[in-house]
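*Asks:* Before anything else, here's the structure in question.
The values are calculated or read from the model by the stated rules, or taken from the named source; none is laboratory data. All of these numbers come straight from a predicted model, not from anything done at the bench. Please note: Cβ atoms are built from the backbone with ideal geometry, for glycine as well, and neighbour counts cover all protein chains shown. Accessible surface is based on the protein model in full, side chains and every heavy atom, while ligands, DNA and RNA are left aside. Shrake-Rupley method; radii C 1.70, N 1.55, O 1.52, S 1.80 Å.
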Amino acid sequence: MKNLPLGDLSLEIFLSEYWQKKPLLIRNALPGLVPPIAADELAGLACEECVESRLVIRDGVSDRWDMTHGPFTEETFSSLPDKHWTLLVQAVDHWVPAAAEFLTQFHFIPSWRIDDLMISYSSDGGGVGPHYDNYDVFLVQGSGRRKWQVGGRFDSTSPRRADTPVMILTDWTPEQEWILEPGDMLYIPPCVGHSGIAMGNDCMTCSVGFRAPSHSEILRGFAEYVGETLSDEVRYSDADLVAQNHAGALTPEALENVHQIVRQHLEDNDVLTDWFGRFITAQKYPDEGDATPTIQLEDLRAHITAGGMLQRNEGSKFVFHERDHELFLFADGHQFRCSQEQIDLVKVLCADLTVKIGRNIPSESNLRLFLDLLNQGSLYLPE
Ligand code: SIN
Ligand code: CO
């Protein structure tokens, strides 16, 4: 594994003492960090139709908060006040290869747990106010300085200002405070209150956000997946029915029958894996990007013979799963059953953004896999 951005801390200590437990500041976690995007490019992204962005502005006198959603225009940026604004752009890794590369430094946590890289850019005093997030976040200072205050645990019942479009916790007392300089990183577990205020202009923060599906999403998603595979003819049955005292009674035996149906379908680990692999790799923005071109086997062979590489679509998610000598690759909501000989390739696909092949034509099964991934848009042929 590359050098981890954990300073002197070992991964084991980080996981056992901090991950999902308590905040941690790591000074100079990413020495010499060059932000993966320049401020003007970030503003440019926020003007794109398909990019999710927000502008949060606080009136320093009235303490009124305003939030508008992108896409923005040049006019938006030329008419901003001098102070107290923050531009936040979601999923920069989907659009900017350097941002996707930046995220690979966080692969000390399983990559399927990583959601996206959000980047904010603030003027002096800019921030989004005291709030909590439902997920873990690494806040990396990209440029300028930001004061972070952290403290308390919150949930959906915690008091918040009713008059603002942004979540502003009202009952919040910071317990710790740090000023982050470029390359410093702050880890915040889910539900921990935090607030960052830019100390001067040109304050860029890169937020590595994690994904933790809610129990509701898991249950609904899995039950629907299983339900769709079942014919309408597979039904509740009670050939063992015995006379009961009252026709209106719902008996423990009937409920046990129902429970048995639920167990029978929901306790199948293989089906659960098939569903979860698809679910967790499904694209965040399914409609994003250009239409996928159809690539023929011959075009692919020619590309490889010419020394061409394959590139992972920056917005694509890949994971693999091995069970009982079987190997499965999941990419963008699709499952591929692979052979054990493909394990090295599958591991490269799940770790690297660029797949270097060399001039030797890969095996037929690897070519087929490349072709399927290319034609569903999970890979592309770089120029
Ligand atoms: C920011 O970058 O200003 C906000 C990030 C966060 O609080 O999660
Ligand atoms: Co936050």
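*Asks:* Sort Ser316, Ser10 by accessible area with a 1.4 Å probe, largest first.
*Replies:* Ranking Ser316, Ser10 by accessible area, largest first, yields Ser10, Ser316.
*Asks:* While we're on this one: Any chance you could check the Cα centroid distance between segment 260-338 and segment 354-369 for me, in angstrom?
*Replies:* 17 Å
*Asks:* I'd like the antiparallel share, as a percent to the nearest 5, of DSSP beta bridges with both residues in segment 297-380.
*Replies:* Antiparallel bridges: around 100 percent, rounded to the nearest 5.
*Asks:* Separate question: Any idea what the relative contact order of the chain is, in percent, if you count C-alpha pairs under 8 Å spaced at least 6 apart?
*Replies:* Dividing the mean separation by the residue count of the chain yields 15 percent.
*Asks:* Let me see the P(r) profile for segment 11-210: every Cα-Cα distance counted, bins of 10 Å, each bin given as a percent of all pairs.
*Replies:* Per 10 Å bin, starting at zero, the Cα-Cα P(r) for segment 11-210 comes out as 9, 36, 39, 15, 1 percent.
*Asks:* For segment 297-380, how big is Rg over Rh, using alpha carbon atoms and the Kirkwood form of Rh?
*Replies:* Rg divided by Rh gives 0.94.
*Asks:* Go through segment 89-94 residue by residue and turn each phi into a ³J(HN,Hα) via Karplus (6.51, -1.76, 1.60, θ = phi - 60°); whole Hz please, and just put x for glycine and proline.
*Replies:* With the stated coefficients, segment 89-94 comes to 10, 7, 6, 4, 4, 6 Hz.
*Asks:* Could you state the accessible area per residue of the chain in Å², with a 1.4 Å probe and every protein chain left in place?
*Replies:* 53 Å²
*Asks:* What is the calculated FRET efficiency for Ala351 to Asp240, with r their C-beta to C-beta distance and R₀ = 56 Å, to the nearest 0.05?
*Replies:* With R0 = 56 Å, the Cβ-Cβ based efficiency is 0.60.
*Asks:* Okay, moving on. Could you pull out every whole DSSP H run in the chain that spans at least 15 Å of Cα extent along its own axis and averages -1.0 or higher on the Kyte-Doolittle scale?
*Replies:* Result, helices passing both filters: 215-229, 252-266, 269-281, 364-375.
*Asks:* What is the extension gain from Leu297 to Met309, computed as 0.36 nm multiplied by their sequence separation minus the C-alpha to C-alpha distance, in nm to one decimal?
*Replies:* 2.8 nm
*Asks:* OK, next. Show me, for segment 8-22, the HN-Hα J-couplings you get by feeding each phi into the Karplus relation (A = 6.51, B = -1.76, C = 1.60, θ = phi - 60°), rounded to Hz, glycine and proline as x.
*Replies:* Here the 3J(HN,Hα) series is 7, 7, 7, 4, 4, 5, 4, 5, 6, 9, 10, 3, 6, 10, 8 Hz.
*Asks:* Here is a follow-up. Probe 1.4 Å, all protein chains in place: accessible area of Arg211 in Å², nearest 10?
*Replies:* 50 Å²
*Asks:* In addition: Using the Karplus curve 6.51 cos²θ - 1.76 cosθ + 1.60 with θ = phi - 60°, work out ³J(HN,Hα) for each residue of segment 157-164 in order, rounded to whole Hz, and write x for Gly and Pro.
*Replies:* 8, 5, x, 9, 5, 8, 9, 10
*Asks:* Which value, in Å to one decimal place, does the Kirkwood hydrodynamic radius take for the chain when every pair of different Cα atoms is included?
*Replies:* 23.8 Å
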